[in-house]
1. Only one of (1) out of contact with any strand residue (DSSP E or B) (no Cβ under 6 Å at 6 or more places or on another chain); (2) at pLDDT 60 or above; (3) open to solvent by 80 Å² or more (accessible area, probe 1.4 Å) fails for Arg164. Which number is that?
2. Filter the stretch 64-76 down to the residues that are of a type outside the set (A, V, I, L, M, F, W, C) and more than 20 Å from Gln122 (Cα to Cα), then identify the one that is surrounded by the fewest Cβ atoms within 10 Å (Cβ to Cβ).
3. Suppose the filter is at pLDDT below 80, of a type in the set (A, V, I, L, M, F, W, C) and either part of a strand (DSSP E or B) or open to solvent by less than 70 Å² (accessible area, probe 1.4 Å) (or both); does Ala176 pass it?
4. Taking the conditions exactly as written (part of a strand (DSSP E or B), out of contact with any Asp or Glu (no Cβ under 9 Å at 6 or more places or on another chain), exposed (fewer than 15 other Cβ atoms within 10 Å of the Cβ) and modelled with pLDDT of 75 or more), does Asp143 satisfy them or not?
5. What number of residues within the stretch 1-40 satisfy the criterion of being at pLDDT 75 or above, surrounded by fewer than 15 Cβ atoms within 10 Å (Cβ to Cβ) and under 25 Å from Ala115 (Cα atoms)?
6. If we keep just the residues of the stretch 85-116 that are under 21 Å from Gly46 (Cα atoms) and in a loop (DSSP other than H, G, I, E, B), which is most open to solvent (accessible area, probe 1.4 Å)?
7. Taking interchain pairs and intrachain pairs at least six residues apart, which have beta carbon atoms under 6 angstrom, with the first residue in the stretch 144-168 and more than 17 Å from Leu88 (Cβ to Cβ) and the second surrounded by fewer than 16 Cβ atoms within 10 Å (Cβ to Cβ) and at pLDDT below 55?
8. Can you pull out every residue in the stretch 117-131 that is over 11 Å from Ser103 (Cβ atoms) and part of a strand (DSSP E or B)?
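The values are calculated or read from the model by the stated rules, or taken from the named source; none is laboratory data. Quick caveat, the model's predicted, so the values are computed rather than measured. Cβ: placed from backbone, ideal geometry, glycine included. Neighbour counts: every protein chain shown. Keep in mind that these areas ignore ligands, DNA and RNA; they rest on the heavy atoms of the full protein, side chains included. Shrake-Rupley method; radii C 1.70, N 1.55, O 1.52, S 1.80 Å.
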Amino acid sequence: GAAFDPTLDGKVRVSVVDGNAKLDLTLAAVRPALLDARAPAMTLSGTLAVQATGLPAPDGSRPAGQTLQARSRLALEGRLDAPHGAPLTLKGELVAERSRERSTIEWRELDVRAAGARLQGQALLARAADGTWQLTSQGEASDFDPTTWWPAATAARLNGRWQRSEEHTSELQSLAYL
């Protein structure tokens with residue numbers, strides 16, 4: 001098979017003096033299918049940025065802040081190997097936050113576009129101080145074909161029902177403590 005030879009240009013800057021950490025990574029010509037044959041055949045380039053705030057000092061001289069937050073932002077562009085080298089974009093933002101009152105994981109943005117298809121959404125998972133959970137999500141798929149992203153999902157396996165266009169909104173709450 002082909003050799004896995006991505007170019008990874010990046011820099012890591014960690015500053016815990018102020019309770020902050022940051023990672024910026026630039027990727028060029030990454031081919032996920034060379035890492036795992038189950039991954040989609042595509043070539044991606046772009047950025048991943050991760051930030052964390054409210055961290056304790058590594059030497060224990062300062063405790064964690066009252067609120068811990070981690071934020072990541074992904075912006076990738078590339079081409080599918082098939083059909084016909086169609087362009088694709090993957091964008092997303094994920095934010096996690098923890099305080100005494102509440103813990104949340106929020107997918108603020110998910111935007112995937114390829115071969116004329118679009119998948120967009122947001123989700124929020126929140127845990128209150130009393131232990132109750134709430135999940136809300138909203139999303140939209142337009143001409144989405146899972147075989148583009150999951151090669152093992154052939155049209156035959158999906159009984160010919162593989163291209164989807166849908167919208168959804170949901171909200172769930174726990175009645176008991178988890």
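1. Against the list (1) out of contact with any strand residue (DSSP E or B) (no Cβ under 6 Å at 6 or more places or on another chain); (2) at pLDDT 60 or above; (3) open to solvent by 80 Å² or more (accessible area, probe 1.4 Å), Arg164 comes up short only on (1).
2. Initially, the stretch 64-76 is screened for residues of a type outside the set (A, V, I, L, M, F, W, C), giving 65-67, 69, 71-73.
Next, only the ones that are more than 20 Å from Gln122 (Cα to Cα) stay: 65-67.
Details: Gly65: 15, Gln66: 10, Thr67: 13.
Out of the qualifying residues, it is Gln66.
3. On the way: at pLDDT below 80: yes; of a type in the set (A, V, I, L, M, F, W, C): yes; either part of a strand (DSSP E or B) or open to solvent by less than 70 Å² (accessible area, probe 1.4 Å) (or both): yes.
Criteria met by Ala176.
4. On the way: part of a strand (DSSP E or B): yes; out of contact with any Asp or Glu (no Cβ under 9 Å at 6 or more places or on another chain): yes; exposed (fewer than 15 other Cβ atoms within 10 Å of the Cβ): yes; modelled with pLDDT of 75 or more: yes.
Yes, satisfied.
5. 8
6. Our first condition is that a residue be under 21 Å from Gly46 (Cα atoms); within the stretch 85-116, this holds for 85-95, 107-116.
From the residues that got through so far, the ones that are in a loop (DSSP other than H, G, I, E, B) too are 85-86, 115-116.
Working: Gly85: 19, Ala86: 14, Ala115: 54, Gly116: 72 Å².
Step by step, filter the stretch 85-116, then rank; the result is Gly116.
7. Going by the 6 Å Cβ cut-off, the qualifying pairs are Trp162/Ala155.
8. Narrowing the stretch 117-131 to residues over 11 Å from Ser103 (Cβ atoms): 117-124, 130.
Of everything in the stretch 117-131, those that are over 11 Å from Ser103 (Cβ atoms) and part of a strand (DSSP E or B) turn out to be Ala117, Arg118, Leu119, Gln120, Gly121, Gln122, Ala123, Leu124.
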